[in-house]
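Encoded as structure tokens, the structure appears first; notes follow it.
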Amino acid sequence: MADSPGGDPRPTNVCFTMHGIGVSGGIAIGHAHLFSGMSTEVDHYPIAAYDVPREQRRYDRAVKEVQEELKELADSVRHSASSELAPFVNVHLMLLQDSALSEVPREIIAEERCNAEWALRVQLDELTAQFDDIEDEYLRERENDVRQVAERVLGALAGSKRRIVPRPAREDPAILVARDLSPADVILFREHPFAAFVTDMGGATSHTAIMARSLAIPAIVALHHARSMIREDELIVIDGAQGVVIVNPDRAVLAEYRLKQNQARLERDKLKRIRTAAAATLDGTPIQLYANIELPSDIEAVRASGATGIGLFRSEFLFMNRRDLPDEDEQYEAYREVLEGMKGRPVNIRTLDIGADKALDGQENEAENPALGLRAIRYCLAEPELFNTQLRAILRASKHGKAMILIPMLCSWTELNQSLAAVARAKEELKTEGVKFDEHVPVGGMIEIPAAAIALPMFIRKLDFLSVGTNDLIQYTLAIDRADDSVAHLYDPLHPAVLSLLHGVIRTAHQHEKPIAVCGEMAGDVELTRLLLGFGLRHFSMHPASVLAVKQRVLTTSLPDIAPLVARVLKGEEPDKIRLVLGKLNG
Ligand code: PEP
Ligand code: MG
């Protein structure tokens, strides 16, 4: 798709560099594909008669939104070097105001009792058929304008539910350039692989960034102007570790990055040699290295990584990019596939963690502070039937392997008891129905809210195991929205408060002889492996792509040797000193 009329007026092929936050390392070289999130592929679903006015209002809102957008665009191009584009934008505004687009789809919603997207699609088909019969070439060309306006309205209707569209022109994987991508968008990368992605928005531990790391593709967020500066099909170099984008690189730069790319490939190949080696420190302490997954199809990557279990199956991804909810049988099949794929090795299935930056289709999060709102276990306890369906599916699948249930975002005594009661209820139901399952499925809790970390003994007694979600623990301890790029620089895993909480949680778990893992991003950061080992952590869960590098670090670590430096990190009050000692620890 070509750049919008608001694109920058710079000459073509000019080399320039942009800096953002590198959230997934690696080098990618490829052609840009601008993602606008607009497509005329739409779902069709019926609506009840009483929902017609609401659907019409949804349509009106989308039209209004596009109108505002076009007015802004008209203003900005009028005063820019692209002022000759203003008449085109005005044509779009006129088309949008015409009853063919502003009224007729509303009538179709009422007549066909269908969703707004479908109504617009029907009307678009009708209009384009009329254009086919027009002889005048100029008028026939307006068909494109109508289509573009309709696409904008569809984009507004879709909101966060945009779809990634593969770039048709080239064979090689493209680099996706977007204003923002939702976790649901990124999951679609599995269908249309991209070599890398860059976005104008986003933070380092947003779920979008986590997905990039799990796909093992370079990614940079918070670039602010990439979507407007980079043009479709321009050659770009992405250095994910440094957070640098080079647009239209010259030959020397290209050669340098090709070399770096090859070196990285060789390093990765070398690491593969330790895939089957047992993970243990130099002094012989065994360490468990598990993998985090989003979908059953990730099992392949888990196997290739040599991980010996799944420490976090983010089950919410089964619920995304669809209008309906997966029923019990569908979920059962997904869990069973993972359990069988892991051949008796542990699989921690985290119950639905929806909310904050992960939304179900059709449920825009309208809360003022979604990260502090109805998220994860709070959501599930508010939707007992949905929770029951998932628990029944997990329990039914438990006979196919070693299933473990992991409850996200536990915070209160009541939530803990209600969660356990929900598991007990699901078990009772299955027993009454004569359905077989593993009666001893362990139930663990994620420690990712500071209150839970501080009051850990309250949770420990009733749970079989613990897993620390450092991404959220940092977010909530430091009051930093992990998805907000404007505060991303303040998101700091090495903040003394975070380190002290994490160390305390691991120590308390050991005192109570409860198994404890870390499954947040800290577990997959090789720079933090020794620190966590020194804190007493023996169980890490991370993206499959990080397992081998972390294993390498484990294999070269002597616990007695690192102990004094780890003690110094813990005593450190100033971040600079903490970083200095950490450097020595990794040296
Ligand atoms: C975490 O918060 O650290 C975690 C592992 O869960 P998620 O990133 O899915 O919130
Ligand atoms: Mg979390």
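The values are calculated or read from the model by the stated rules, or taken from the named source; none is laboratory data. Keep in mind that what you see is a predicted model, and the values were worked out from it rather than measured. Backbone-built Cβ (ideal geometry, glycine too); neighbour counts: all protein chains shown. Calculation scope for accessible area: heavy atoms of the full protein, side chains included, ligands and nucleic acids excluded. Shrake-Rupley method; radii C 1.70, N 1.55, O 1.52, S 1.80 Å.
Assorted remarks:
- Pairs with Cβ under 6 Å, 6+ apart, first in region 98-122 and in contact (Cβ under 8 Å) with a residue 12 or more places away in the chain, second of a type in the set (Lys, Arg): Ala116/Arg58
- Pairs meeting the criteria (first residue in region 253-279 and over 20 Å from Pro218 (Cα atoms), second residue among the β-branched types (Val, Ile, Thr) and open to solvent by less than 100 Å² (accessible area, probe 1.4 Å), beta carbons under 7 Å, at least 6 apart or on different chains) are Ala279/Ile287; Ala279/Val554.
- The set of residues from region 179-212 being within 16 Å of ligand 1 (Cβ to nearest atom) and touching a Gly at 6+ places or on another chain (Cβ under 7 Å) comprises Thr208, Ala209.
- Scanning region 475-490 for residues that are more than 10 Å from ligand 2 (Cβ to nearest atom) and at pLDDT 95 or above turns up Thr477, Leu478, Ala479.
- Any hit, region 371-381, residues being under 17 Å from Leu352 (Cα atoms), open to solvent by 40 Å² or more (accessible area, probe 1.4 Å), at pLDDT 95 or above and more than 16 Å from ligand 1 (Cβ to nearest atom): yes
- Check on Leu456, crowded, with 22+ Cβ neighbours inside 10 Å, at pLDDT 95 or above and more than 13 Å from ligand 1 (Cβ to nearest atom): yes
- Comparison of Gly311, Gly344 shows that the only residue that is of a type outside the set (A, V, I, L, M, F, W, C), in contact with a strand residue (DSSP E or B) (Cβ under 7 Å, 6 or more places away or on another chain) and assigned to a loop (DSSP other than H, G, I, E, B) is Gly344.
- Residue that is modelled with the lowest pLDDT, among those in region 76-125 that are in a loop (DSSP other than H, G, I, E, B) and open to solvent by 40 Å² or more (accessible area, probe 1.4 Å): Ala81
- Restricted to helices (runs of 4 or more DSSP H) entirely inside region 451-545, those with at least 3 residues that are within 26 Å of Leu559 (Cβ to Cβ) and within 26 Å of the chain's Cα centre (by Cα) are 470-478, 496-511.
- Counting only residues that are within 14 Å of ligand 2 (Cβ to nearest atom) and touching a Leu at 6+ places or on another chain (Cβ under 7 Å), region 448-469 holds 6 of them.
- Candidates in region 399-440 are the residues that are over 17 Å from Glu383 (Cα atoms) and touching a residue at least 60 places away in the same chain (Cβ under 8 Å); of these, the one that is nearest to ligand 2 (Cβ to nearest atom) is Leu406.
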